[in-house]
Amino acid sequence: MIYKVIESVIGHFPSEYKSMLEEISTIRIVDKDKTILKQGKNCNHLWFINKGAVKAYEWIDGTEKVSHFFLSNMFFTNYYCWVTKKQSDLTYKAVEESEIIEIDYPKLEELCTRHHIFDTIGRKMAEKIFVQEYFNKKLLLNCTAKERYEYYEKEQPEIFQHFALKDIASFIGVTDVSLSRIRKERLQK
């Protein structure tokens, strides 16, 4: 599936490059509730989820704040951590048993330097992520909690199938109690 995702952004991905990517990749099975990258550690990988679900969160004043959800056929990493060489400000945890492809970042950078196609893939993927992050920020700044909930319920219903309601509440910026109230009001309509 990783190649379908890559080809969705660049078109044909020749088999010689697939082989190169496979050489720097490892398939991992990650048990439910197991950490993939812990807050305070260095990020040296790019991951792709073949199957499963992963959340990214940080601890702020003793509270877990969920910032991202990742599902099958999605790439994830802490790119900020990799670029700045700082330790990760986020923890990435599997919320269900997951099969992921782990790609070694230093080796991927070598491929990007030697083969323009990998650099193009990275740039196009980064553009997609930037657009989504920008949109999520606008939702957070300009919409009510109810509007954010309704948006994700309509546009990304799969998150409700894989992630706990407490995580969804944190992601849209409300407490569990507020989310329960929003859900109850919607059911009464």
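The values are calculated or read from the model by the stated rules, or taken from the named source; none is laboratory data. Owing to the predicted nature of the structure, the values given are computational and were not obtained by experimental measurement. For neighbour counting, all protein chains shown are included, and Cβ atoms are generated from backbone atoms with ideal geometry for every residue, glycine included.
The selection criterion, being surrounded by 11 or more Cβ atoms within 10 Å (Cβ to Cβ), closer than 21 Å to Val54 by Cβ and at pLDDT 90 or above, holds for Gln156. Might you check whether a residue that is touching a residue at least 24 places away in the same chain (Cβ under 8 Å) and at positive phi occurs anywhere in the stretch 175-185? For the stretch 175-185, residues touching a residue at least 24 places away in the same chain (Cβ under 8 Å) and at positive phi: absent. Listed by position, the helices (runs of 4 or more DSSP H) inside the stretch 1-84 whose residues that are β-branched (Val, Ile, Thr) and out of contact with any Gly (no Cβ under 8 Å at 6 or more places or on another chain) number at least 2 are 2-10, 79-84. Only one of the numbered conditions (1) in contact (Cβ under 8 Å) with a residue 40 or more places away in the chain; (2) assigned to a helix (DSSP H, G or I) is violated by Asn136, and that is (1).
With respect to being β-branched (Val, Ile, Thr) and surrounded by 14 or more Cβ atoms within 10 Å (Cβ to Cβ), Thr84 falls outside the description.
Note on the stretch 144-188: residues that are of a type in the set (S, T, N, Q) and outside any helix (DSSP H, G or I) amount to 3.
Just to be sure, is Leu141 surrounded by fewer than 16 Cβ atoms within 10 Å (Cβ to Cβ) and either among the small types (Gly, Ala, Ser) or not in a strand (DSSP E or B) (or both)? Against the criterion (surrounded by fewer than 16 Cβ atoms within 10 Å (Cβ to Cβ) and either among the small types (Gly, Ala, Ser) or not in a strand (DSSP E or B) (or both)), Leu141 qualifies.
From the list Ile159, Ile121, Ile117, the one residue that fits, being in contact (Cβ under 8 Å) with a residue 40 or more places away in the chain and touching a strand residue (DSSP E or B) at 6+ places or on another chain (Cβ under 8 Å), is Ile159.
In the stretch 137-177, of all residues being of a type in the set (Asp, Glu) and under 19 Å from the mean Cα position of the chain (by Cα), the one that is nearest to Thr63 (Cα to Cα) corresponds to Asp167. From (1) in contact with a helix residue (DSSP H, G or I) (Cβ under 7 Å, 6 or more places away or on another chain); (2) of a type in the set (A, V, I, L, M); (3) closer than 17 Å to Thr35 by Cα, pick out the condition that doesn't hold for Ala164. Here Ala164 meets the rest and fails (1).
Within the span defined as the stretch 24-47, every residue fails to be surrounded by fewer than 20 Cβ atoms within 10 Å (Cβ to Cβ), hydroxyl-bearing (Ser, Thr, Tyr), modelled with pLDDT under 95 and more than 21 Å from Leu108 (Cα to Cα).
Yes or no, residue by residue, for (1) of a type in the set (A, V, I, L, M, F, W, C); (2) without any contact (Cβ under 8 Å) to a residue 40 or more places away in the chain:
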{"site": "Ile6", "(1), (2)": "yes, no"}
{"site": "Val9", "(1), (2)": "yes, no"}
{"site": "Val30", "(1), (2)": "yes, no"}
{"site": "Lys34", "(1), (2)": "no, no"}
{"site": "Ala56", "(1), (2)": "yes, yes"}
{"site": "Gly62", "(1), (2)": "no, yes"}
